[in-house]
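The values are calculated or read from the model by the stated rules, or taken from the named source; none is laboratory data. Please read all numbers here as calculations on a predicted model, not as lab measurements. Cβ sites come from the backbone with ideal geometry, for glycine too, and all protein chains shown count toward neighbours. Only protein heavy atoms, including side chains, enter the accessible area calculation; ligands, DNA and RNA are left aside. Shrake-Rupley method; radii C 1.70, N 1.55, O 1.52, S 1.80 Å.
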Amino acid sequence: QVPLVESGGGLVQPGGSLRLSCAASRSFFRINIRGWYRQVPGKQRELVAGITTGGSTNYADSAKGRFTISRDNGENTVYLQMNGLKLEDTAVYSCKARGRSRWNAPESDYWGQGTQVTVSS
C-alpha cells in the first residue's frame, strides 16, 4: 500500500504559481501528514512548510510570504500553494507523514514519491 500520493508539480515561469497536493492512504490505520520538504541534487533535504492536525503552520524563511500550507482533514490531504516562484525554488518536493499502517504496527515516518518543480524562463 502506498502511504502518500503527491501531485501538482511541473514547469512554471518565474513569478508563476503551482499547488502541490499530498493525499494520505485511506487504508492506513492512522497517518498524519506533517509537511512538505524539498531537495536539490547535492544538498540536504530541507523543510519548506509544516502543519499540525490543528492547523498550526510553520515555514522556512525562503517560503514565508509566498507559500501557504493547508490541510483538508476530511480528505486527509495537505496542500502547498506556491506563489511568486523563483528559480531557486526548483527542486523535488516531497511530503512527509507519521503514522501506523496497522493497529499493531510501529509508529513510522513515511515519504511521498516526490514531485518535480522546475522554475525556468
Area of residue 11 that stays accessible when all protein chains are in place (1.4 Å probe, Å², to 10): 130
message: Against the empirical 2.2 N^0.38 Å scaling, what ratio does the C-alpha Rg of the chain come to?
response: 1.05
field: At R0 = 41 Å, FRET efficiency that the Cβ-Cβ distance of residue 120 and residue 29 yields, to 0.05
entry: 0.50
- line: For residue 12, the net charge from surrounding residues (Cβ-Cβ under 14 Å; K, R +1; D, E -1) works out to +1
- prompt: For the chain, what relative contact order do you get, as a whole percent, if you take Cα pairs closer than 8 Å and at least 6 residues apart?
  reply: 36
- line: Loop-resident GluC sites (Glu not before Pro) in segment 45-90 with no more than 12 other Cβ atoms inside 10 Å, DSSP not H/G/I/E/B, are 75
statement: On the accessible surface of the chain, probed at 1.4 Å with all protein chains in place, carbon and sulfur together account for a percent value of 47
- request: Using the heavy atoms of the protein chains and a 1.4 angstrom probe, tell me the accessible area per residue for the chain in square angstrom.
  value: 54
message: Can you tell me which of 53, 77, 90 moves the most in a GNM of the chain? Springs connect C-alpha atoms under 10 Å apart.
response: 53
- request: Can you tell me the dipole magnitude for the chain around its Cα centre, using point charges on the Cβ only (Lys, Arg +1; Asp, Glu -1), in Debye to the nearest 20?
  value: 220
